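This report concerns only the one structure given below.
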Amino acid sequence: MHFVVHKRRQTPAVIIVALIDVLIVLVIFLLVTTTFKQQTALKIALPESSEAKKTGADENPPLVVTIDDKGGLRVGPNNDAVTLEQLESRMRDELAKNPKLALAVNADKNAPWGQIVKVMDAAKAVNIKTVSAFTKETGKS
């Protein structure tokens with residue numbers, strides 16, 4: 001009889017330091033190659049006015065409605081896209097919170113005039129007393 005002595009195999013060792021190095025390299029690669037999302041802003045070309053009013057810190061800031069050159073409506077500080085019906089509802093909600101609410105229309109100079117009139121009509125329908133428009137001074141870019 002011939003007995004063979006089997007050697008026990010050692011379990012393979014995982015080298016943690018090498019794995020950490022590889023992970024750090026991957027993280028650095030991802031950070032360098034990732035393009036971070038830029039906050040999109042509407043590019044509005046304001047109409048010019050020689051009587052443009054300087055904007056300052058108001059105690060009662062207006063509800064700003066932005067109308068782009070294609071007639072799209074956006075409202076509030078976050079420029080939330082809305083339909084005309086949603087805008088009217090939002091104006092009602094804001095008016096309930098602040099009875100002295102003013103509306104400021106920030107319309108592109110190429111915006112459809114009909115859309116501007118619809119926004120003004122919606123403001124009148126919810127009983128907003130003050131409606132103003134953003135302009136830029138003549139000669140400024």
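Tabulated results
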read-out	value
Close pairs from segment 93-110: first free of Cβ contacts under 8 Å to residues at least 60 places away in the same chain and over 14 Å from Lys124 (Cα atoms), partner exposed (fewer than 12 other Cβ atoms within 10 Å of the Cβ) and not aliphatic (A, V, I, L, M), Cβ under 8 Å, at least 6 apart	Asn98/Asn60
Every pair of residues 6+ apart whose Cβ atoms lie under 7 Å, when the first sits in segment 116-135 and is farther than 20 Å from Pro99 by Cα while the second is open to solvent by less than 70 Å² (accessible area, probe 1.4 Å) and polar (S, T, N, Q)	Phe134/Asn106; Thr135/Ser49
Of all residues making up segment 103-125, the number that are open to solvent by 90 Å² or more (accessible area, probe 1.4 Å) and of a type in the set (S, T, N, Q)	1
Residues located in segment 84-115, provided they are in a helix (DSSP H, G or I) and farther than 21 Å from Pro61 by Cβ	Leu84, Glu85, Trp113, Gly114, Gln115
Segment 72-83, residues that are open to solvent by 50 Å² or more (accessible area, probe 1.4 Å) and either more than 19 Å from Thr135 (Cα to Cα) or part of a strand (DSSP E or B) (or both)	Arg74, Asn78, Asp80, Ala81, Thr83
Per-region count, segment 84-102, residues under 19 Å from Thr135 (Cβ atoms) and buried (at least 18 other Cβ atoms within 10 Å of the Cβ)	0
Inter-residue pairs, beta-carbon under 8 Å, first loosely packed, with under 10 Cβ neighbours inside 10 Å and in segment 19-38, second of a type in the set (D, E, K, R) and at pLDDT 90 or above, 6+ apart	none
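The values are calculated or read from the model by the stated rules, or taken from the named source; none is laboratory data. These numbers were taken from a predicted model, which means no experiment stands behind them. Here Cβ is always computed from backbone atoms with ideal geometry, including for glycine, and neighbour counts include all displayed protein chains. Remember, those area values only see protein heavy atoms, side chains included, never the ligands or the DNA or RNA. Shrake-Rupley method; radii C 1.70, N 1.55, O 1.52, S 1.80 Å.
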